[in-house]
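Asks: A single structure is presented below for examination.
The values are calculated or read from the model by the stated rules, or taken from the named source; none is laboratory data. Here the structure is a predicted model, which means the values were calculated and not measured. Glycine gets a Cβ as well: all are built from the backbone with ideal geometry, and neighbour counts include every protein chain shown.
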Amino acid sequence: MGDLNKSIFQDIDPERSATTSEGVVTQLREMIQHGELRPGDRLPPERDLAKSLGVSRPTLRAGIRSLAAVGILQSRQGAGTFVVNTEGPPSLDSSPLRLMAALHGFTTGEMFEARLSLEMAIAGLAAERATGDQMASISEELTGMYASLDEPEQYLVHDMRFHQMIAAASGNGILTALMNMVATILFDVRRKTVNRAHDLKESAEMHRQIYRAIRDRNSEEARLAMRDHLLLAQKAQESEETASDEAPVESASQRSGAGKKK
């Protein structure tokens, strides 16, 4: 792993050189499939790679973006572009799904429905497969949720990580990648309204039920607990969105002060 020997690009047959972004994608995919590019390898500088592949730099960038969107390449600012390391679950860019949602009018309800199907399956698998370390990671995020009941935005971060830890524990990289893609979009929507959440403690308790079912290796109970939680989360978000049309957002300190007066 590491920097690549430039010779593997210098030896590219001119007749097979890419001329479009699709050609760039095809060429790099083939090099990965043939083992010429390996997980963790850094691609040559953009100028050199574009010259080797026989394309313009904008065409190269478009091809790299396509491969990054499906979790094959990863661009790191100041470091370069790398073939994604296969350790851990794959990651899919949510941008293509966002575009499809805009083009086809996907609703938040449809997104929730997709997430419900994916995460119920994931929770059941996690109950069967989670390791001790993965259980500890899930528990840690649950603790973080209880510690941030008065900080909705921070609570939401722990909430998202809790679900990501469960997905990783499922042992199914495809389900994990798809769940993260959908959940990321819903997370971006929810963080705009979460400051209006009425009862995060109830949400935390439902997360606890999911954790307990997974810890007890009860696959069916984990699926049902995940279903109940996500249905409640959908209702909570709808309530927050309605409230946002009726009143200004309160600050965390205002909510905390109001709670102390009760």
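Asks: In the list 151, 110, which residue meets the criterion of being in contact (Cβ under 8 Å) with a residue 60 or more places away in the chain, more than 15 Å from residue 210 (Cβ to Cβ) and of a type outside the set (Ser, Thr, Tyr)? Give the derivation first.
Replies: Working: 110 fails: in contact (Cβ under 8 Å) with a residue 60 or more places away in the chain.
On inspection, the qualifying residue turns out to be 151.
Asks: A follow-up question, please. Got a sec? Which helices (runs of 4 or more DSSP H) wholly within the stretch 153-262 have at least 3 residues that are modelled with pLDDT of 85 or more, more than 22 Å from residue 113 (Cβ to Cβ) and not aliphatic (A, V, I, L, M)? Break it down stepwise before answering.
Replies: Working: elements: 173-190, 200-215, 219-244, 252-261.
Answer list for the stretch 153-262: 200-215.
Asks: Name, by its number, the condition in (1) surrounded by fewer than 12 Cβ atoms within 10 Å (Cβ to Cβ); (2) modelled with pLDDT under 65; (3) among the small types (Gly, Ala, Ser) that does not hold for residue 91.
Replies: So the condition that residue 91 fails would be (1).
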